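Enquirer: Handing you a structure now.
Values quoted throughout were computed directly from the atomic coordinates according to the rules given, and no laboratory measurement underlies them. Remember, predicted model here, so these are calculated numbers, not experimental data. Positions of Cβ are backbone-derived with ideal geometry, glycine not excepted, and every protein chain shown enters the neighbour counts.
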Amino acid sequence: MKILAIETELKKLDTNSDKEILKEEALAVLDLQQKDILREIYFDENYCAVLILECNDKTEADKILSDLPLVKNGFIQFEIKELQPYTGFSRLIG
């Protein structure tokens, strides 16, 4: 199942003093991508992460994301949504 995860910042990061945790985060994200769990990742206009994951369900996605260093250390959290296939085209076909 495709999962959409949108980051919310809980406390500010300092790119100078928090370099180590940011590096740990990047390594964890790379690991998820290499395991083919993380399919896509972006930043929105506010520099918050937007992720597309492939998981069994929201519970699994929440568990995976809760292991990210920035989540563990209270810097961010994610709003998690299951994505369903679009069925609107069925209205066009009798």
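Enquirer: In segment 63-91, which residues are touching a residue at least 60 places away in the same chain (Cβ under 8 Å) and more than 30 Å from residue 17 (Cβ to Cβ)?
Expert: Those that are touching a residue at least 60 places away in the same chain (Cβ under 8 Å) and more than 30 Å from residue 17 (Cβ to Cβ): 81, 82, 83.
Enquirer: Can you tell me which residue is surrounded by the most Cβ atoms within 10 Å (Cβ to Cβ) among those in segment 65-94 that are in contact with a strand residue (DSSP E or B) (Cβ under 7 Å, 6 or more places away or on another chain) and among the acidic types (Asp, Glu)?
Expert: Result: 82.
Enquirer: Could I ask something else about it? Which residues, counting only those in segment 2-46, are of a type in the set (Asp, Glu) and in contact (Cβ under 8 Å) with a residue 60 or more places away in the chain?
Expert: 7, 9
Enquirer: Limited to segment 62-94, what total is found for residues that are part of a loop (DSSP other than H, G, I, E, B) and of a type in the set (Gly, Ala, Ser)?
Expert: From segment 62-94, those part of a loop (DSSP other than H, G, I, E, B) are 67-68, 73-75, 83-87, 92-94; that's our starting set.
Adding the requirement that they be of a type in the set (Gly, Ala, Ser) leaves 74, 94.
Residues that pass the stated criteria total 2.
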